[in-house]
Amino acid sequence: MCGIVGIASTTNVNQQVYDALGLLQHRGQDSTGIATVDGPHIHIRKGEGMVREAFRTRDMRSLLGTTGLGHVRYATRGEAQNELEAQPFYVNAPYGIVLVHNGNLTNTRELEVELATQDMRHTNTGSDTEMLLNVLGSELQKQVSGAGLDAEQVFTAVSRVHERVRGSYAVIALIAGHGLLAFRDPYGIRPLVLGRREGQRGRTEWMVASESVALTASGYELVRDVDPGEAIMIGLDGELQARQTHASPTLVPCAFEYVYLARPDSVMNGINVYESRLRLGERLADTIEQYTPSGNIDVVMPIPDSSRPAAMEVARKLGIEYREGYYKNRYVGRTFIMPGQEQRKKSVREKLNALASEFEGKNVLVVDDSIVRGTTSREIVEMTRNVGANSVTFTSAAPPVRYPHVYGINMPSRNELIGAGRSIPEIREQLDSDHLVYQEVDDMVRGITDGTSLTELEASCFTGDYITGDVNEEYLAWLEATQLS
């Protein structure tokens, strides 16, 4: 999971990209980068940490041009602390291409061999984004005839990229002297939305980004999602052209975007994130009523922030008082996306504090968005008991996470997943809660997709069914052996 944005403007774009990345900061906190195109020149600045920490005035002054892109990184491949793996990546041929990517490729071992022996291209890091950039560069090079490169040649190159790479990818690239390119994998696993507004002299300005909040909060109108398998090319004159570049695309977006990752004020794939979380709470309430003695519950408490809509709906439907007793330190990052188990565990107590007067002597029903490693959940149960709760019923608006997530979320190993190989009673023992209730898989899918034409979500971490068809036991064993969490 990362956040990406690309803007084709009529004025200097550096501040616009910076502001949009701030709106996507929840999608990654390891590093960030911005690139702009000014005539034949590409300017790139990258840094560790959050957007507000990484860029200085001197950096912004050097990012000249009216077309640009940006990235906030949450490491799911390679090493979080490796500065060389911060995006965007750049290659100088053909023309000069700079690229950002949200997702994970699943055939990197094959691509590494192909790039070295067939494309004669060198990659300098373990990043799958650098591989993707070089595949795109190689396919564009094959389309170049003379000095020209038109949109149709670009679309042909993207169709060849689809043939060569597997996995999830939402991509934005700048091609020096030609414009901005955006495309999405044929399943649309990772999100990408398109917006526009009127710029100077009546010319349309365009933005593509991971979430609609980056568009609407920047004054852009949400036009639509970039379709699965679709490529969009925005020329230097602001003209937008779009083509379907895959033979058989089908939309199967990632369920975890709606459960946890996205901001509640975003709309992606036609689904309002906030409303989907309310529906998850409504369905979770039915399951809670079925499996727990709800008459003995005094209060419903959310774990801020992403579980709040679900918790409100649970309380409303069960007729139990809703209260907020956990308080969040907003200067600590999202613990789920922090690299390393020790850092995540240390940050739980720094991030959350429980107000004793809300818990003392009460039977508490806790609602969280999901339970992944169990680190946060275990600490919350202990914290709740320590401030005087009589009993703790822990509930999850998502089903048990039992399998690695290979499409862009940092869950590479079954060994670290508390739900892997354990029954729900066994997980409850690990958490030390009095009761434990999970959302059912079918209820999650229906809760997210209600009111849309979607019938399927990418839910492999809950079901073990991998949509791309190339993930098997051998691949998962290799991933667990080679990828840091």
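Before moving on, here are some points about what is shown:
- Positions within the range 1-45 being more than 20 Å from the chain's Cα centre (by Cα) and under 20 Å from ALA75 (Cβ atoms), in sequence order: ALA35, ILE44, ARG45
- Which numbered condition TYR187 fails, given (1) among the hydroxyl-bearing types (Ser, Thr, Tyr); (2) over 19 Å from VAL100 (Cα atoms); (3) open to solvent by 10 Å² or more (accessible area, probe 1.4 Å): (2)
- Residues that are open to solvent by 30 Å² or more (accessible area, probe 1.4 Å) and part of a loop (DSSP other than H, G, I, E, B), drawn from the range 354-382: LEU355, GLU360, GLY361, LYS362
- Test: residue in the range 383-392 that is under 19 Å from the mean Cα position of the chain (by Cα), part of a loop (DSSP other than H, G, I, E, B) and touching a residue at least 24 places away in the same chain (Cβ under 8 Å): no
- Residue-level check: of (1) crowded, with 24+ Cβ neighbours inside 10 Å; (2) in contact (Cβ under 8 Å) with a residue 24 or more places away in the chain; (3) part of a helix (DSSP H, G or I), LEU181 misses just (3).
- The numbered conditions (1) buried (at least 17 other Cβ atoms within 10 Å of the Cβ); (2) modelled with pLDDT under 95; (3) basic (Lys, Arg) are all true for ARG56 except (1).
- Among the residues of the range 324-347, those that are surrounded by fewer than 18 Cβ atoms within 10 Å (Cβ to Cβ) and modelled with pLDDT of 65 or more comprise GLU324, TYR327, LYS328, ASN329, ARG330, TYR331, VAL332.
- Residue that is nearest to PHE183 (Cα to Cα), among those in the range 225-239 that are in a strand (DSSP E or B) and in contact with a Leu (Cβ under 6 Å, 6 or more places away or on another chain): MET233
- Checking LEU431, LEU417 one by one, the residue that is touching a Phe, Trp or Tyr at 6+ places or on another chain (Cβ under 7 Å) and more than 16 Å from PRO302 (Cα to Cα) is LEU431 and no other.
- Residues located in the range 360-397, provided they are among the acidic types (Asp, Glu) and either within 17 Å of SER306 (Cα to Cα) or touching a Gly at 6+ places or on another chain (Cβ under 9 Å) (or both): GLU360, ASP368, ASP369
- Some residue of the range 234-255 being of a type in the set (Asp, Glu), open to solvent by 50 Å² or more (accessible area, probe 1.4 Å), within 30 Å of VAL158 (Cβ to Cβ) and at pLDDT 95 or above: yes
- Residue that is modelled with the highest pLDDT, among those in the range 103-154 that are farther than 19 Å from ARG73 by Cβ, among the aliphatic types (A, V, I, L, M) and outside any helix (DSSP H, G or I): MET120
- Considering residues of the range 190-215 that are out of contact with any strand residue (DSSP E or B) (no Cβ under 7 Å at 6 or more places or on another chain) and either open to solvent by 10 Å² or more (accessible area, probe 1.4 Å) or in a loop (DSSP other than H, G, I, E, B) (or both) only, the residue farthest from THR11 (Cα to Cα): GLY202
- Residue pairs whose Cβ atoms lie under 7 Å apart, sitting 6 or more positions apart in sequence or on different chains, and linking a residue in the range 359-377 that is under 19 Å from GLN430 (Cβ atoms) to a partner that is open to solvent by 10 Å² or more (accessible area, probe 1.4 Å) and of a type in the set (Phe, Trp, Tyr), are ASP369/TYR260; SER370/TYR260; VAL372/PHE336.
- Test: TYR274 is touching a residue at least 24 places away in the same chain (Cβ under 8 Å), aromatic (Phe, Trp, Tyr) and either in contact with a Leu (Cβ under 7 Å, 6 or more places away or on another chain) or more than 20 Å from SER168 (Cα to Cα) (or both): yes
Okay, residues lined up against (1) touching a residue at least 60 places away in the same chain (Cβ under 8 Å); (2) out of contact with any Ser or Thr (no Cβ under 9 Å at 6 or more places or on another chain):
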{"site": "PRO228", "(1), (2)": "no, no"}
{"site": "GLY238", "(1), (2)": "yes, no"}
{"site": "PRO253", "(1), (2)": "yes, yes"}
{"site": "ALA262", "(1), (2)": "yes, no"}
{"site": "GLY270", "(1), (2)": "yes, no"}
{"site": "LEU278", "(1), (2)": "no, yes"}
{"site": "THR287", "(1), (2)": "yes, no"}
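- Elements of type helices (runs of 4 or more DSSP H) contained in the range 403-485, each with 2 or more residues being free of Cβ contacts under 8 Å to residues at least 12 places away in the same chain and over 29 Å from TYR291 (Cβ atoms): 473-482
The values are calculated or read from the model by the stated rules, or taken from the named source; none is laboratory data. Keep in mind that this is a model prediction, so the values were computed, not measured. Quick reminder, even Gly has a Cβ in these numbers, built from the backbone with ideal geometry, and neighbours come from all protein chains shown. Ligands, DNA and RNA are stripped out before the accessible areas are found, and what is left, the full protein with its side chains, is counted by its heavy atoms. Shrake-Rupley method; radii C 1.70, N 1.55, O 1.52, S 1.80 Å.
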